[in-house]
Amino acid sequence: MKVKIELFGASRDFSSHDSLEFDIDNNSTVKDIKSKIIDYLDNHCGGNEKFKKIVNSSVFCSDKNNIISDNYKITKNQKIAIIPPIGGG
């Protein structure tokens, strides 16, 4: 399956594009997606610790505009968004 991560706020610095796309296993969770993003940052952004902190402090939102937890399972090709804290909060 594929998951497309829309980048908002400070996470836009992760890429020159407005999203990231990953191949994932069936029933992957948001926690698994966070690991994929961290791996991406290690490989494409020199392991930027500030970026990793953004991933770990952000909330994720489903394609139906609902905040989703780390245990939320991705069961189909889906688009989700990463929403970093605003104003350093």
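The values are calculated or read from the model by the stated rules, or taken from the named source; none is laboratory data. Owing to the predicted nature of the structure, the values given are computational and were not obtained by experimental measurement. A quick note on method: Cβ atoms are made from the backbone with ideal geometry, for glycine too, and the neighbour counts reach across all protein chains shown. Just the protein is used for accessible areas: all its heavy atoms, side chains included, with ligands, DNA and RNA removed. Shrake-Rupley method; radii C 1.70, N 1.55, O 1.52, S 1.80 Å.
Annotations
- Accessible surface of the chain [probe 1.4 Å, protein heavy atoms]: carbon and sulfur percent: 44 percent
- Rounded D (µm²/s) - segment 17-89, Kirkwood Rh over Cα pairs, Stokes-Einstein at 25 °C, 0.890 mPa s: 191 µm²/s
- Partner lysines for K79 [C-alpha distance under 17 Å; skip if fewer than 8 residues away on the same chain]: K2, K4, K31, K34, K36, K64
- Simple rule: put +1 on each Lys or Arg Cβ and -1 on each Asp or Glu Cβ in segment 1-53, find the dipole, and look at I37, S19, F51; the Cα lying farthest toward the positive end is F51.
- Net charge over other residues, Cβ less than 15 angstrom from the Cβ of K64 (K, R count +1; D, E count -1): +2
- Heavy atoms of the protein chains alone define the surface here; on that basis the chain has 61 Å² accessible area per residue at 1.4 Å probe size.
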